[in-house]
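Values quoted throughout were computed directly from the atomic coordinates according to the rules given, and no laboratory measurement underlies them. Keep in mind the model is a prediction, meaning the values are calculated, not measured. Positions of Cβ are backbone-derived with ideal geometry, glycine not excepted, and every protein chain shown enters the neighbour counts.
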Protein chains: 2
Amino acid sequence: MSTVSPARAAFSSPTATGVRSETVRSANLATILRELHFHGPASRSELVARSGLTRSAIGALVGELVKADLVIEQRAASDGSPGRPSPVAAPVADRNVAIAVDVAVDSLAVGVVGLGGVILHSERIDRPRERVAVDATIDDIVAVVRRLQRRLDPACRVLGIGVGVVGLVNRTDNSVSIAPNLGWHDVAFGARLQRALDTTIEVVVSNDADLAALAEVRRGVAAGQRDVLYVWGEVGVGGGLVSAGEPVTGAAGFAGEIGHVPVNPDGRPCRCGSVGCWETEIGEGALLERSGRSPDGGRDAVDALLADADRGVPLALEALAVQARWLGIGIAGLINVLNPSMVVLGGLLGRVYPYVRVRVDAEIERRALESSRRGLVVVVSALGSDAPLVGAAELAFEQVLADPLGTLRKISMSR
Amino acid sequence: MSTVSPARAAFSSPTATGVRSETVRSANLATILRELHFHGPASRSELVARSGLTRSAIGALVGELVKADLVIEQRAASDGSPGRPSPVAAPVADRNVAIAVDVAVDSLAVGVVGLGGVILHSERIDRPRERVAVDATIDDIVAVVRRLQRRLDPACRVLGIGVGVVGLVNRTDNSVSIAPNLGWHDVAFGARLQRALDTTIEVVVSNDADLAALAEVRRGVAAGQRDVLYVWGEVGVGGGLVSAGEPVTGAAGFAGEIGHVPVNPDGRPCRCGSVGCWETEIGEGALLERSGRSPDGGRDAVDALLADADRGVPLALEALAVQARWLGIGIAGLINVLNPSMVVLGGLLGRVYPYVRVRVDAEIERRALESSRRGLVVVVSALGSDAPLVGAAELAFEQVLADPLGTLRKISMSR
DNA sequence: GACGTTTGTCGGCGAAGATGACAAACTAGG
DNA sequence: CCTAGTTTGTCATCTTCGCCGACAAACGTC
């Protein structure tokens, strides 16, 4: 540093990026492919209207995508309106796929997702809690991937690999910092899985709640919403934030750990080392304990509790009411911080919400600023347990959608 | 709606925007102007290096900006290195300005800020708390603006008008939803000020804490940081969030109301109607009360308290310690939610922090996840009370910086 | 003062979208 | 069944804008 003059130092930091003319083509190809991926098949004339480009430009662009086998054009079904029918362009789902992986607490899912977001094949395997060593996990994933790959079209290309993990994931290097439920600590998961799969495609890793949020925004209940708070809770509580349509990742990708917001500073100790974290009040354990059950009862115990609630058993109703209060308190705080237009509840919280809707809403009304909650909708997750898988695929497709031909070239080169 | 066929309905929603060739020029002009605005004067060759464009392209682009009188080229001072010296391009600050307004609790500031971010002229007037009616405020602003305008170059153009207000501001229509400290409720402030100033330029309004955060990120301690949590506290507590370099506004612009996160559900009632909001624990009133003073003591009482602390008076130290604990608790929660790389403390909190640094940091260490706080820095605001003004100017410049020539055309047309 | 280096300038080139004319493919009405 | 009207794909030509390469200008060094 000392030998570099200040003027030179400024040189070394290319802050802004100019637009060259080749960027234009790439951007427009990306625009069209994204349009088809997110909003489904569209006729050329629809693409003209949505993009603002001319018929000739759209024609050339779609043609290029067709030549690259990313898009296929079909004869339009005449819809009754006058004029020459416009051929419909659709993403080629079965020859352009992403491999999506979801490493959950006690199960593991792998999906092959086609361009456009269709799950072509998927397989979820339950795993005994003991078998969560990193190597064993990677072996399991590779085995399932190979099995699914055999069912694919030989001409099928894998455009990306995305993984969701229950734990804190460092997005800068695709490593898992801590996954308490798996017992992992500082694992270079992305790199290791990539080596095990023997591929040159980067394996992108993210937190599973973040991916579930992404999935709900792209293809679930929150489709079209630009500012969303996704709250996912089972044993632990995680969250995904979306602001202005983009996921909020934070500096290193750890944003969204809303389960550890202090809501009750003199409450119970949390496994994270703090006290009174939100998840100590609304996690599965707290709910079960309040209903007089063992906090480790798991899914069966929750089922029993909800069955009790259906029958009107007072203790069960009481436990749900307390849960609801804390749920509302936490959501209200996050509404004030983020001013979302929609709150999506997933996992256990999604199951509980219908029972305690009134109470949760009341707490939100009391504690969230009137302006911030105006127009707000609280809904239950639509994609359920598939959400992280769908989100992982979206993450994996990101690169192709940003630069279709460039990414394709890179993939074919590295074969 | 009923007469519109589904196919037509799809037409009416232009979701994606294509890039036309004229967009390229506009984007590149914007890139250069932003570079000069944010990072100061730069030689052409520096611009070449940073943008990745060629010498000829930069030459034409800078030339166009010079012709538009947005940029001026000066002979380079030869810096000792061999080769032909490159002329230095600089933003023309004194003929391209934004008018920035800060409507604070008991004062009102107006600034004329030149392109590049220099405050050319500014005036802050203290206002008795009684005189906060909307019309009176607008009259005051107009008077100061006219006074400052007389000192400007006759050729000077006003490129934007930005206003920061202590209160909840709806960014979609530049209206103030609620400003408890001013007694305002649903005021179309932007539109009314625009009419009073008799201008066709849109008056952009935002929350003052959001603007202070923007200012710190663009020109203060957080320059270069991409994920920042700004916490501003006096009587109330507000905040500004920046994620991936962009301000987080939320659905309607109300994001960042971190003063009303519930941290102590069984605590004191808050003026917002809730109980145990963060600001009831770390606001000025709570601090003064804990030190045995009247909560309404204001700035003088705070000065006295800090003087006591300097002398080691136990009651003062105790009050600060309690404040520090709650400050740390709240910050820790927000760190878990947002994973910022920097936390900036402004206002009273910035004054208090040096006294209680250890305690606040300890609480953060205890309650924020290790991963999320790794590499985190907590600092005190650099711009002080000027921050909202600087931020308002940045907001006002946004439009010109996004499309220089287009905006200029629009402004000159509307004369 | 000659030489090497860096940079501005200018003419020509190529990529990509716009324009406009024309043909193709559909509906509606007689 | 045929014609008019409408919408859309295609193609040749034009325009914009950045790139490339050659050359000249302005600096430091020996």
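Averaging the sequence gap over all C-alpha pairs within less than 8 Å and six or more residues apart, then dividing by the number of residues, gives the range B:267-346 a relative contact order of 22 percent. Taking the C-alpha atoms only, the angle from helix B:208-219 to the longest principal axis of chain B is near 60 degrees.
Taken along the Cα-to-beta-carbon direction at a fixed 7 Å, the label points for A:Ala133 and B:Ser78 span 7.1 nm. Running a GNM on chain B with Cα contacts under 10 Å, which residue among B:Gly83, B:Gly250, B:Gly283 ends up with the highest mean-square fluctuation? Among B:Gly83, B:Gly250, B:Gly283, the largest GNM mean-square fluctuation belongs to B:Gly83.
Express as a percent, rounded to the nearest 5, the fraction of DSSP beta bridges in chain B (both residues included) that run antiparallel. Restricted to chain B, the bridges split so that about 60 percent are antiparallel.
In nanometers and ordered shortest first, the copy-to-copy spacing of the B:Ala307 label point, defined 7 Å from Cα toward Cβ, is 7.2.
Sorted from nearest, the other copies put their B:Pro85 label points 7.1 nm away, the label point being 7 Å from Cα in the direction of Cβ.
For the range A:347-376, the residues whose amide N sits under 20 Å from a probe point set 7 Å from the Cα of B:Asp186 along the beta carbon direction are A:365-366, A:368-376. Cross-link reach is defined here as a Cα-Cα straight distance under 18 Å, omitting same-chain residues fewer than 8 places apart; for B:Lys410 the aspartates and glutamates meeting it are B:Glu22, B:Glu64, B:Asp69, B:Asp198, B:Glu202, B:Glu398. Comparing A:Thr31, A:Thr249, A:Thr23, which has the greatest mean-square fluctuation in the GNM of chain A with Cα pairs linked when under 10 Å apart? Highest fluctuation of the listed residues: A:Thr23.
Each copy carries A:Ile125; placing its label point 7 Å along the C-beta direction from Cα gives inter-copy distances of 7.6 nm, listed from smallest up. Taking Cα atoms only, the orientation of helix A:55-67 departs from the longest principal axis of chain A by about 80 degrees.
In the range A:104-256, taking the dipole from charged Cβ atoms about the Cα centre, the farthest positive-side position among A:Val205, A:Gly160, A:Asn174 is held by A:Gly160.
Mean separation of Cα pairs under 8 Å and 6 or more residues apart, divided by the residue count, gives the range A:74-175 a relative contact order of 29 percent.
Sparse packing (at most 16 other Cβ atoms within 10 Å of the Cβ) combined with a DSSP loop state is found for the following trypsin sites (Lys or Arg not before Pro) in the range A:28-80: A:Arg75.
Result for chain A in a Gaussian network model with C-alpha springs under 10 Å: among A:Asp173, A:Asp102, A:Asp210, the largest mean-square fluctuation is at A:Asp173. Hey, how many Å between the Cα centroid of the range A:199-235 and the Cα centroid of the range A:258-283? With the range A:199-235 and the range A:258-283 each reduced to a Cα centre, they are spaced 24 Å.
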